[in-house]
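This report concerns only the one structure given below.
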Amino acid sequence: MHDTPPSVPDFTSWPSFPFEGDLQVKHLDDPVAVEPSRKGEGARECTACSAPDDAYIWVGERWRVRAMDRPTGLPMVLILESRTHLDLGDLPNLLAAELGVMTVRLERAIRSLDGVARVHVNRWGDGSAHLHLWFLARPYGRLQLRGTFLSLWDSILPPISEEQWRENLALVAAWLAEFGGRPLAEPPRIQWQAPSSIAAQSSASAAVQEEDDAIGVIEAAEEIPEPVGGEDTAAPPTDEPTGEPGRH
């Protein structure tokens, strides 16, 4: 086999591809004999199981919805998680049926936001064994963001404002709460301050946002595979689900 990497694929010329200029395909590494454990497998701690409810924007008895820790480039990025430590293929029939209902419900909630044209639903799971589905909102009219590269654009676009982000979170949480469960996201509060204080606060917030890059989908800990050779593989979790969907 020759060592010359293949030519770049046709999708690099698509209008939705985020990069331009000279590109080169990486050499494909040899397959490993044993894949490393994901978070939540074997003796590895599961961050989703240990997270308290107040880390989420909406919680029910069987499902929880959370956001990134700060705004990113898309109008909304949310993660749907099961409460029980199960992966997608481990879901019993009841939770599998509820996953379909929750997926449709959350997609509609996000699509109801102003400025959202489509909602992309993704599941990867190479970094974490706990079931989590990503919901990415494509801005209305941004045709260059259509398709499979939306998660990349989330890290490239400038973050939306903190106020708009929190308002969107509160709206989605309230929308879900109409069907059950408990909303935990609140809209931004009006700061009753003197104009000079408001200006100073706005300048400080802008400075912090410039310093601190937003974390997009591709940087999220749940989707970063572990380096090869670190952990042993483990058997899939076998926890059984309990409880009914709560009122949000």
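The values are calculated or read from the model by the stated rules, or taken from the named source; none is laboratory data. Just so it is clear, the structure is predicted and the values come from calculations on it, not from any experiment. A quick note on method: Cβ atoms are made from the backbone with ideal geometry, for glycine too, and the neighbour counts reach across all protein chains shown. The area values use the complete protein model at the heavy-atom level, side chains included, leaving out ligands, DNA and RNA. Shrake-Rupley method; radii C 1.70, N 1.55, O 1.52, S 1.80 Å.
Annotations
- Complete set of residues in the range 172-191 that are touching a residue at least 12 places away in the same chain (Cβ under 8 Å) and either touching a Leu at 6+ places or on another chain (Cβ under 7 Å) or not in a loop (DSSP other than H, G, I, E, B) (or both): VAL172, ALA173, TRP175, LEU176, ALA177, ARG182, PRO183, ALA185
One line per residue, one yes/no per condition, for (1) in contact with a helix residue (DSSP H, G or I) (Cβ under 9 Å, 6 or more places away or on another chain); (2) surrounded by 16 or more Cβ atoms within 10 Å (Cβ to Cβ); (3) at pLDDT 95 or above; (4) under 21 Å from PRO52 (Cα atoms):
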{"residue": "MET68", "(1), (2), (3), (4)": "yes, yes, no, yes"}
{"residue": "ILE79", "(1), (2), (3), (4)": "yes, yes, yes, yes"}
{"residue": "HIS85", "(1), (2), (3), (4)": "yes, yes, yes, yes"}
{"residue": "LEU113", "(1), (2), (3), (4)": "yes, yes, yes, no"}
{"residue": "ASP126", "(1), (2), (3), (4)": "yes, no, no, no"}
{"residue": "LEU133", "(1), (2), (3), (4)": "yes, yes, yes, yes"}
{"residue": "ILE156", "(1), (2), (3), (4)": "no, no, no, no"}
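- Out of ARG105, ARG118, sole residue that is open to solvent by 50 Å² or more (accessible area, probe 1.4 Å), modelled with pLDDT of 95 or more, of a type outside the set (A, V, I, L, M) and touching a strand residue (DSSP E or B) at 6+ places or on another chain (Cβ under 7 Å): ARG118
- Only one of the listed residues (GLU41, GLU61) is part of a loop (DSSP other than H, G, I, E, B), open to solvent by 20 Å² or more (accessible area, probe 1.4 Å), touching a residue at least 24 places away in the same chain (Cβ under 8 Å) and within 30 Å of PRO188 (Cβ to Cβ). That residue is GLU61.
- Within the range 67-84, tally of residues that are over 15 Å from HIS130 (Cα atoms) and part of a loop (DSSP other than H, G, I, E, B): 9
- Flag if SER16 is modelled with pLDDT under 85, touching a Lys or Arg at 6+ places or on another chain (Cβ under 6 Å) and farther than 23 Å from ALA185 by Cβ: yes
Yes/no per residue for (1) among the polar types (S, T, N, Q); (2) closer than 22 Å to ILE110 by Cα:
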{"position": "HIS27", "(1), (2)": "no, no"}
{"position": "LYS39", "(1), (2)": "no, no"}
{"position": "THR72", "(1), (2)": "yes, yes"}
{"position": "ALA97", "(1), (2)": "no, yes"}
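- Residues that are closer than 30 Å to ARG138 by Cβ and either in contact with a Leu (Cβ under 8 Å, 6 or more places away or on another chain) or among the hydroxyl-bearing types (Ser, Thr, Tyr) (or both) within the range 39-63 comprise THR47, ASP53, ASP54, TYR56, ILE57, TRP58, VAL59, ARG62, TRP63, listed in sequence order.
- Only one of LEU99, LEU143 that is over 13 Å from the mean Cα position of the chain (by Cα) and within 23 Å of ARG64 (Cα to Cα): LEU99
Residues are listed down the side, and each one gets a yes or a no for (1) part of a loop (DSSP other than H, G, I, E, B); (2) of a type in the set (Gly, Ala, Ser):
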site	(1), (2)
GLU107	no, no
GLY125	yes, yes
LEU133	no, no
LEU152	no, no
TRP165	no, no
ALA170	no, yes
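- Selection count where residues are at pLDDT 95 or above and open to solvent by less than 30 Å² (accessible area, probe 1.4 Å), scope the range 135-154: 5
- Hey, PRO15 farther than 21 Å from LEU106 by Cβ, surrounded by 15 or more Cβ atoms within 10 Å (Cβ to Cβ) and within 27 Å of the chain's Cα centre (by Cα) or not: no
- Any chance LEU23 is open to solvent by 20 Å² or more (accessible area, probe 1.4 Å), touching a helix residue (DSSP H, G or I) at 6+ places or on another chain (Cβ under 8 Å) and either part of a loop (DSSP other than H, G, I, E, B) or without any contact (Cβ under 8 Å) to a residue 12 or more places away in the chain (or both): yes
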